[in-house]
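Just below is one structure, and these are the notes that go with it.
A short reminder: the numbers here are calculations on the coordinates, not readings from a lab. This one's a predicted model, so the numbers in the text were calculated from it and none came from an experiment. Glycine also receives a Cβ, built like all others from the backbone with ideal geometry; neighbour counts cover every protein chain displayed.
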Amino acid sequence: MHNQFANKAQAWSARFSEPVSDLVKRYTASVNFDQRMARFDIQGSLAHAEMLASIGILSAADLTAIQKGMDRILTEIDEGRFEWSIDLEDVHLNIEKRLVELIGDAGKRLHTGRSRNDQVATDIRLWLRNEIDIAIDLLGQLRTALARLALEQAETILPGFTHLQVAQPVTFGHHLLAYAEMFGRDAERLADCRRRVNRLPLGAAALAGTSYPLDRERVARTLGFDEVCRNSLDAVSDRDFAIEFCSAAALIMMHISRMSEELILWMSPRIGFIQLADRFCTGSSIMPQKKNPDVPELARGKTGRVNGHLIGLLTLMKGQPLAYNKDNQEDKEGLFDAADTVRDTLTIFVDMMSGVKVNAQAMRAAALQGFATATDLADYLVKKGIPFRDAHEIVAHAVRTCEQRQCDLADLSLQELQAFNPLIQDDIFQVLTLEGSVAARSHTGGTAPVRVRAEAQRILDQSAQ
Ligand code: ARG
């Protein structure tokens, strides 16, 4: 009887008089999805075992056996030879069972002073920390790609829109750098989230802590955690860090989605501002002329699932009393999918944004329509001493005249312009050009080519560090 764990499937069988049905087994098992944390589960177990040995709870021989056994298990997993069994519910029990098979009693001692509750919380944190580091790196690469393109396109002018109506001319480089700002904030958010991910739950055991004199700080150091969780009940039940990550992931995808929306519009033949490389587009099975921007469209669509995971996790947690409840097993699939979606999306976008082909003529032609320099004319009058509100009114009259004549402000002669206000001189034509308009906005945060070049360079310098 005492050898039950080695022989029977379930870790807690002695207490039960009948087995669970196959459906319940499938319903309650998590091994099909949590096995992706195996490497981190082993990493956590090794740190725990090493600490148990350091305080004399495991012998040196047991520790060596555990290390060797885990080494072998990791190889089996890496080589796809490990036999995962849903009879053993989750990644933790599968690995532990195999360890006992390989090394016997030393394997059975590993779980001293530990519970799957603090174990799983530790695994998720280790796994997520790694994903965060990857996502931060990808965001940096995407910013670099945007900054490089911005540097090339510092002088390219397109209409800037408000309400999707032509507003004022902007440089394409400036427009791209707006997204670099968003992705920069996303990286900051992830770095901040990482601080709260990077705390050690082990030592909390099932919920109340443990009667063994564990050295939690030592385990934290071994695993590279900045701190230990300071309340055992909170340590096993907290998933705030996962919610924070999903929230940051949802923001990343929202930014990707906004950018995608623009890429899709710009690629429409009606607009024709850009082309994406063919490898990010697909054709139609029926309409031979089509080249569809599938990647940005799908990215826009995938934003929905990440938003869903955020709401899913918030809802998962809202009704749970302290401490661990089985509900928590539902934290993983959404979290994994959010991280996968962000990782794949960012990886593809780094490549895609590096190869955007720009049609500067189409952009310029669009900027010449819609009186994009009307504000510049008003500002010119203000500089001549006219109050802004009056200047606004004068220009509104001029725009109306142009609309009737179907011409641009710059097409009016000096005499015609002077009819709206006699203070207008022939230096006005410089002001009414697209180049004059953007160049005038050279303050920090402005759209002038000099400023765009400086900002793009600043981002490139940052990423080179
Ligand atoms: N598979 C479980 C999870 O994902 C591990 C912890 C189980 N703990 C327990 N007491 N049933 O959360």
task: Taking every Cα atom in the stretch 7-166, find the radius of gyration and the maximum pairwise distance Dmax, and write them in Å.
output: 23.7, 77
- request: Between D240 and D344, take the C-beta separation as r, use R0 = 22 Å, and let me know the FRET efficiency to the nearest 0.05.
  value: 0.30
Net dipole in debye of the chain [+1 Lys, Arg Cβ; -1 Asp, Glu Cβ; about Cα centre; nearest 20]: 360
- prompt: Taking the mean number of other Cβ atoms within 10 Å as a proxy for protection, how do you rank 432-441, 55-64 from highest to lowest?
  reply: 432-441, 55-64
message: Per residue of the stretch 321-331, what does 6.51 cos²θ - 1.76 cosθ + 1.60 with θ = phi - 60° give for ³J(HN,Hα)? Whole Hz please, x for Gly and Pro, Karplus curve as stated.
response: x, 5, 10, 6, 10, 4, 3, 4, 4, 6, 6
message: Counting only other residues whose beta carbon sits under 10 Å from that of H92, what net charge do I get with K and R as +1, D and E as -1?
response: -3
query: What net charge is computed for the residues neighbouring D340, neighbours being all others with C-beta under 11 Å from the C-beta of D340, Lys and Arg scored +1, Asp and Glu -1?
result: 0
- prompt: Amide H to amide H, which residues 5 or more places from L200 or on other chains are under 5 Å from it, using H placed in the peptide plane?
  reply: E227, V228, C229
task: Would you give the gap between the C-alpha center of the stretch 63-101 and the C-alpha center of the stretch 432-465, rounded to a whole Å?
output: 56
field: Restraint check, K97/K326; K68/K332; K68/K97; K25/K97, Cα-Cα greater than 26 Å
entry: K68/K332
